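Please read the structure below before turning to the comments.
The values are calculated or read from the model by the stated rules, or taken from the named source; none is laboratory data. Remember, predicted model here, so these are calculated numbers, not experimental data. As a convention, Cβ positions derive from the backbone with ideal geometry for all residues, glycine included, and neighbour counts pool all protein chains shown. Accessible surface is based on the protein model in full, side chains and every heavy atom, while ligands, DNA and RNA are left aside. Shrake-Rupley method; radii C 1.70, N 1.55, O 1.52, S 1.80 Å.
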Amino acid sequence: MKVSPQADFTSKQNRRDKMSNSALSLNSEQSFWSDQQLVALKQIGLANAPKAELAVFLHYSQRTGLDPFARQIYMIERGGRFTIQASIDGLRIVAQRSGEYAGQSGPYWCGEDGTWTDVWLEKTPPTAAKVGVWRKGWTEPAWGVAKFDSYNSGSPIWKKMPDTMIAKCAEALALRKAFPNDLSGIYAAEEMEQADAPISAVKTTVELKPVVQQAQVDQTPELLTVLDIISKHKTIEELRESFNAYKTVLDLEFESPNNNALTTLRAEIMERRSVLEGTKTDD
């Protein structure tokens with residue numbers, strides 16, 4: 001039977017796609033990325049990622065079963081540190097694969113009056129959103145509540161669809177609560193978008209002196225006071241509020257009173273987050 005040129009081209013293209021997908025496929029036995037996978041990772045923005053960070057990313061990809069090359073899970077660099085993120089669909093996939101997922105309640109939204117509704121019809125953004133995630137056998141769902149001011153990045157999509165975006169943040173919070181073994185340390189892109197927003201002047205609880213030279217920052221009582229506040233936070237929400245409050249000084253270096261090494265508020269917030277999530281023990 002004679003094959004048309006178009007059909008032959010399509011067949012060859014499909015074979016090439018299958019070979020490419022096979023070369024990039026992860027398996028649970030590999031201890032590090034293959035050469036082909038490393039090339040692909042460089043193409044999606046991880047050319048400068050240290051080997052240790054890539055190893056962590058491989059662990060998360062294997063643990064969740066999400067495909068980094070399909071952008072279900074990815075690693076983002078911010079200020080020299082890397083964060084593991086996933087699409088909200090990726091988080092849902094992990095929950096579904098667990099075999100314990102039993103659906104959701106919500107989303108619900110509220111305004112400043114605190115009255116919850118299952119549809120947001122106001123022209124102004126909601127004040128907060130909440131979503132409940134159920135596991136089989138549970139009598140109550142795990143609720144995730146997200147405040148709009150804590151997550152809003154001010155980007156066009158947040159201005160156009162504020163109710164949808166904040167609901168995704170609430171859902172991600174609830175999914176991590178319901179499936180901590182599977183999703184601990186993995187954040188939805190919508191949750192982290194505010195970290196990429198342009199830094200603007202904010203009023204902080206602790207007034208910080210203007211800094212002209214790096215030497216003026218070291219050992220300043222104000223930064224050490226903020227560090228003490230961060231070390232006493234008991235929830236991720238408190239950490240997020242500090243992140244937003246001290247945005248203008250997150251990356252200023254100062255000497256840690258614990259080990260005399262240089263550190264930043266951003267680094268200390270990430271460190272405290274690891275402790276609260278149980279990925280690192282508190283000394």
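Residues in region 133-146: is at least one buried (at least 16 other Cβ atoms within 10 Å of the Cβ), part of a helix (DSSP H, G or I) and more than 14 Å from the chain's Cα centre (by Cα)? There is no residue in region 133-146 that is buried (at least 16 other Cβ atoms within 10 Å of the Cβ), part of a helix (DSSP H, G or I) and more than 14 Å from the chain's Cα centre (by Cα). Regarding region 84-98, can at least one residue be identified that is modelled with pLDDT of 75 or more, more than 29 Å from residue 126 (Cα to Cα) and touching a helix residue (DSSP H, G or I) at 6+ places or on another chain (Cβ under 9 Å)? Scanning region 84-98 turns up at least one residue that is modelled with pLDDT of 75 or more, more than 29 Å from residue 126 (Cα to Cα) and touching a helix residue (DSSP H, G or I) at 6+ places or on another chain (Cβ under 9 Å). Within region 109-119, does at least one residue satisfy the condition of being outside any loop (DSSP other than H, G, I, E, B) and within 18 Å of residue 188 (Cβ to Cβ)? Within region 109-119, one or more residues are outside any loop (DSSP other than H, G, I, E, B) and within 18 Å of residue 188 (Cβ to Cβ). Scoring residue 156 on the criteria (1) exposed (fewer than 15 other Cβ atoms within 10 Å of the Cβ); (2) farther than 28 Å from residue 246 by Cα leaves a single failure, condition (2).
With respect to the conditions (1) open to solvent by less than 50 Å² (accessible area, probe 1.4 Å); (2) under 30 Å from residue 263 (Cα atoms); (3) part of a loop (DSSP other than H, G, I, E, B); (4) of a type outside the set (Ser, Thr, Tyr), residue 48 falls short on a single one, namely (1). Enumerate the pairs (first residue in region 231-245 and farther than 10 Å from residue 273 by Cα and of a type in the set (A, V, I, L, M, F, W, C); second residue anywhere and modelled with pLDDT under 80 and exposed (fewer than 15 other Cβ atoms within 10 Å of the Cβ)) with beta-carbon separation below 8 Å, excluding pairs fewer than 6 apart on the same chain, so at least 6 apart or on different chains. Going by the 8 Å Cβ cut-off, the qualifying pairs are 245/202; 245/205. Listed by first and then second residue, the pairs linking a residue in region 38-60 that is over 12 Å from residue 74 (Cβ atoms) to a residue that is part of a loop (DSSP other than H, G, I, E, B) and open to solvent by less than 30 Å² (accessible area, probe 1.4 Å), with Cβ atoms under 8 Å apart and 6 or more places separating them unless they lie on different chains, are 54/33; 58/33. Restricting the search to region 242-257, which residues are under 15 Å from residue 232 (Cβ atoms) and either modelled with pLDDT under 70 or in a loop (DSSP other than H, G, I, E, B) (or both)? Selection gives 246, 257.
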